[in-house]
Each structure stands twice: as structure tokens, then as C-alpha cells.
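Below: one structure, written as C-alpha cells.
Each reported figure results from applying straightforward, stated rules to the coordinates on display, with no laboratory input. Model, not experiment: these values are computed from the prediction. Glycine also receives a Cβ, built like all others from the backbone with ideal geometry; neighbour counts cover every protein chain displayed.
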Amino acid sequence: MGVAAAAPPQAAEGGPEVFLDWVRQGLHGGLKHLIKDPAARSDIRRWFPDSRSVVMLAFSYGGPAAEKGLPGSGIIARFGTLEDYHGEIRKRLKRLLTWFTREASPGSAGRFFVDTSPVLERFYARLAGIGWIGKNAMLLSQRLGSRLFLGGMAVDRELEHDRPVPDRCGTCRRCLDACPAAAFVSPRLLDAGRCVACLSIERRFDPVPKGLRESVGTRIFGCDACQDACPWNRFAAENAVFKPRLPSLMPLEEVLSLDAEAFRERFRRTPLMRAGFNALIRNALLAAGNSFSSPAVPCAPIARNGAAGNSFSSPAVPCAPIARNGAAGNSFSSPAVPEAGARKRLLELVERFTLHEDPMVAEQARWSLARLKRRI
Ligand code: B12
Ligand code: SF4
Ligand code: SF4
């Protein structure tokens with residue numbers, strides 16, 4: 001927990017200007033809710049006019065890196081395997097705010113937020129001294145790593161503020177190199193339109209652009225590659241607050257056999273409900289299409305060894321393959337080649353979706369089917 005001033009200078013490092021620039025550069029990946037009123041998001045007083053201080057909390061959902069592909073399975077990012085965090089955090093923030101306004105500072109007022117409100121949570125968490133912003137854009141704590149959910153409350157009282165902690169990334173760049181989608185324009189600057197988390201969760205009504213499908217690999221919900229690569233996450237403790245509900249690897253056959261009702265039953269109270277049934281099916285179809293491929297060759301900015309400021313000069317850099325040793329997102333790649341029967345069953349399931357009523361699902365099925373047929 002930490003406390004920040006509600007009204008830091010507009011030019012504060014990594015503050016509102018960074019957000020506004022990100023929007024101006026069109027790096028928001030088509031997430032319309034983020035750009036509806038960018039000025040509001042860049043000033044918490046537009047959301048809660050009496051804000052004087054922002055109390056930030058970070059909830060660890062730590063645990064070991066889990067993103068290893070298995071033949072025929074789709075990968076779910078760690079946060080997706082746990083009970084949806086919003087409800088649990090909201091409950092705790094509500095209690096904290098009640099305590100604050102009734103007991104700690106009677107007569108005061110406040111408003112709490114977790115994820116969905118127009119508040120720059122990472123920025124305030126950094127100002128509140130909880131951690132620094134890693135090159136992977138994550139709020140990163142020396143003690144807890146970056147597998148953190150953020151939430152907080154704005155209150156109408158001046159509280160003593162904490163100080164930001166130093167950046168401890170140094171010369172490391174493992175997260176940037178690990179990104180399967182080459183989504184980092186430069187350290188800390190993410191092109192959301194390329195990020196697998198955005199493509200697989202937020203863009204739930206749109207097809208994944210063809211040029212980015214291979215980079216998704218067999219991830220069916222979110223992505224952890226830039227966090228799994230981070231050495232600070234090795235020290236992160238397991239967490240017991242958020243109950244585990246799903247495995248990190250799900251057989252694609254199982255996902256593709258669900259109907260809408262079974263989907264609701266299986267994923268109730270998990271973050272996968274956010275993607276919804278059709279998007280999850282689209283993702284599983286995509287993963288099936290990538291399942292027999294050799295490790296996806298991610299596309300990365302060519303100049304990678306110069307100074308950080310020169311390495312990623314424009315978002316539209318040409319691409320070159322990166323040599324990678326982890327085939328995280330590619331089931332069925334050698335050496336673990338499963339039975340031909342399993343491939344055939346998967347192909348049959350995919351084929352069924354080629355006539356699906358949702359054009360996004362049907363098109364994805366045709367793309368994946370063509371790839372599967374080429375490999376059988
Ligand atoms: C939109 C969004 C996304 C988008 C865009 C992400 C992005 N990097 O911008 C997509 C869908 C891609 C996404 C993905 C993920 N997300 Co998200 N997302 C959000 C959301 C709703 C808004 C973020 C936003 O405003 N982005 C715009 C950019 C410009 O702002 P920003 O990332 O917050 O960056 C600020 C700082 O990094 C800083 N900064 C930038 N450059 C620099 C440079 C310097 C020198 C400094 C000091 C600071 C600095 O300035 C920015 C503006 O203040 C927040 C919740 C919230 N209300 O804040 C969750 C949130 C950021 N997401 C979260 C999570 C967990 C994820 C995923 C890990 C999920 C997953 N496993 O698949 C991935 C991680 C991808 C990544 N590496 O960032 C957590 C992050 C927790 C943490 N430890 O940081 C949040 C805070 C949700 C929560 N309440 O817990 N997400
Ligand atoms: S979440 Fe995955 S795709 Fe997105 S920036 Fe991190 S490594 Fe890249
Ligand atoms: S992998 Fe390295 S550069 Fe990336 S956030 Fe972690 S310490 Fe920083």
C-alpha cells in the first residue's frame with residue numbers, strides 16, 4: 001500500500017503526458033473506451049473532483065512462471081486461472097473506504113476503483129512508492145514482482161505521500177525480447193494493437209489480424225511472456241487470496257466442444273467471462289491452427305542492440321525473426337508429436353465451425369483448417 005498526491009504535475013515522469021502521447025500515436029489498439037475522453041483519464045479530479053490523495057494497493061497473484069505449451073492445449077495467462085479479481089478487491093476497498101471515512105477521518109469522502117475506472121493505476125502506484133514501471137510496462141515491486149492487481153481509492157484529505165522507488169531494470173531487456181508479438185515500440189511503450197492480451201481478450205468482436213495470428217501461438221486467454229521473462233518474478237510469493245479455478249493449460253478439444261451454456265458453467269466467476277464465448281472459441285480455433293506449426297517466428301524490430309532510444313525508432317519498423325529457444329505457444333511441434341488420431345479429432349472439431357453463424361468464428365475456423373490440413 002502507498003499514498004500519492006492526487007494532483008501531480010502534468011509533466012510528472014510517466015504521467016498524463018505519456019498517456020496522451022500513447023493515444024495520439026494510435027497505440028491504444030482500438031480500445032475505444034480508453035480514448036472516449038483522454039483528458040478525463042489523465043486527471044483523477046475529473047473522476048472524483050474532491051480528490052486530494054490517492055491510496056494505492058497492490059494485490060499479489062504471484063506464483064511460478066507457467067507458460068509452457070503442451071500438445072493440443074491452449075494456454076491461459078495466470079490471472080485468468082484465478083477467480084475474477086475485481087469482486088474480491090472491490091470488497092476489500094469498500095471496507096477500507098468505510099473505515100477511512102467513518103473512523104480514521106470522520107466526515108471525509110472518497111471513491112474507490114479497480115481496473116475499470118478512468119484512472120491511471122500504474123502511474124499512481126509508482127508515485128505511491130509501490131514499485132517502478134518495468135520495461136515491460138508493468139508496475140514492478142522488488143519484493144512482490146509484477147504479478148500484481150492494482151486498485152485504490154481517491155480521498156478528499158491531504159495525506160502524507162510516499163516517495164517513488166528507483167527503477168531497477170538496469171540494462172536488462174529480457175521482457176522486450178520475450179514478447180512473441182514484438183509489441184514494444186520502445187521500453188515501457190506498448191502497441192496494444194499487437195499485444196496478445198489485447199487481441200485475445202479485449203478485441204472480442206473482431207478477427208485477429210492475419211499478420212498477427214502466428215504470434216498468438218496457442219495462447220487462448222491473455223499472455224504472460226513479458227512477465228515470465230522477468231527475473232524479479234522469481235522471488236514473488238504464491239498468493240492465497242485469489243482462488244485457483246482453472247488449469248493454465250486447457251485441451252483445445254475440450255474448449256471446442258463447449259456450447260454457450262457449458263461455457264458459462266465452466267468459466268463462471270473467472271476472468272474468461274470477459275472475453276465471452278465466441279471470442280474464446282475464436283482463440284481456441286486460432287490455437288488449433290498454430291498447433292502443428294514449428295515454433296512461431298515472432299516479428300521484431302531489426303535494430304536491437306543500439307541504445308534504447310534508437311532501437312525502436314518508429315512503431316512501423318521492419319521486422320526480423322528473433323532466435324528463440326522456448327516454443328511456448330506451439331503445441332504439437334516436435335519433439336512431442338501426439339497421436340495422429342488427436343490431430344484428426346481436432347481437425348474435425350475445427351471443421352464444424354467453418355459454417356458458424358458468427359463470421360469472425362467461421363473465418364477463423366477456415367484459416368485454421370487450411371493450416372491443419374497442410375500438416376496432416
Ligand atoms: C488498457 C489496459 C490494457 C491494454 C493496454 C496495456 C498497456 N500497457 O497500456 C492491454 C489489453 C494490452 C492490457 C494488457 C495487460 N494488462 Co492491462 N490494463 C489496462 C488498463 C485498463 C488501462 C491501462 C492504460 O491506461 N494504458 C495506457 C498506458 C499509456 O498507460 P499505463 O500502461 O498505465 O502506463 C503508465 C505508466 O506505465 C507510465 N509510463 C509509461 N512510460 C513510462 C516511462 C517512465 C520512465 C515512467 C517512469 C513511467 C512510464 O505512464 C503511463 C501513463 O501514466 C489498466 C487498468 C487501469 N485503469 O489503469 C489495466 C492494467 C494495466 N492491466 C493489468 C494487467 C495484469 C495486464 C496483463 C498482464 C494481462 C495479461 N496477463 O494478459 C497484460 C500486460 C501487458 C503489458 N505488458 O502491459 C494490470 C497491471 C498490473 C501491473 N503490475 O502493472 C492493470 C493495472 C489492471 C489492474 N487493476 O490490476 N492491459
Ligand atoms: S502480454 Fe505478451 S504480447 Fe503483450 S506485451 Fe507482454 S509479452 Fe508481448
Ligand atoms: S525483464 Fe528486465 S527489463 Fe523487463 S521488467 Fe524485468 S527487470 Fe525490467
Residues that are within 16 Å of ligand 2 (Cβ to nearest atom), buried (at least 17 other Cβ atoms within 10 Å of the Cβ) and either under 21 Å from Thr101 (Cα atoms) or not polar (S, T, N, Q) (or both): does the range 156-163 have at least one?
no
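Select the helices (runs of 4 or more DSSP H) contained entirely in the range 8-61, then report the ones holding at least 2 residues which are of a type in the set (Phe, Trp, Tyr).
16-24
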Within the bounds of the range 210-221, is there any residue that is within 30 Å of Ala109 (Cα to Cα) and surrounded by 18 or more Cβ atoms within 10 Å (Cβ to Cβ)?
no
Quick one: how many residues across the range 45-82 are buried (at least 18 other Cβ atoms within 10 Å of the Cβ) and of a type in the set (D, E, K, R)?
2
When the range 141-151 is checked residue by residue, the ones that are more than 14 Å from the chain's Cα centre (by Cα), at negative phi and either crowded, with 16+ Cβ neighbours inside 10 Å or among the basic types (Lys, Arg) (or both) are Ser141, Arg143, Leu144, Gly151
Just the residues that are under 14 Å from Ser291 (Cβ atoms), in contact with a Leu (Cβ under 9 Å, 6 or more places away or on another chain) and of a type in the set (A, V, I, L, M), please, taken from the range 244-260.
Leu249, Leu252, Val255, Leu256
Considering only the range 174-225, how many residues are free of Cβ contacts under 8 Å to residues at least 40 places away in the same chain, in a loop (DSSP other than H, G, I, E, B) and more than 9 Å from ligand 1 (Cβ to nearest atom)?
1
Selection within the range 117-146 - near ligand 1 (Cβ under 7 Å from one of its atoms), in contact with a strand residue (DSSP E or B) (Cβ under 9 Å, 6 or more places away or on another chain) and part of a loop (DSSP other than H, G, I, E, B):
Ser117, Val119, Asn136, Ala137, Met138, Ser146
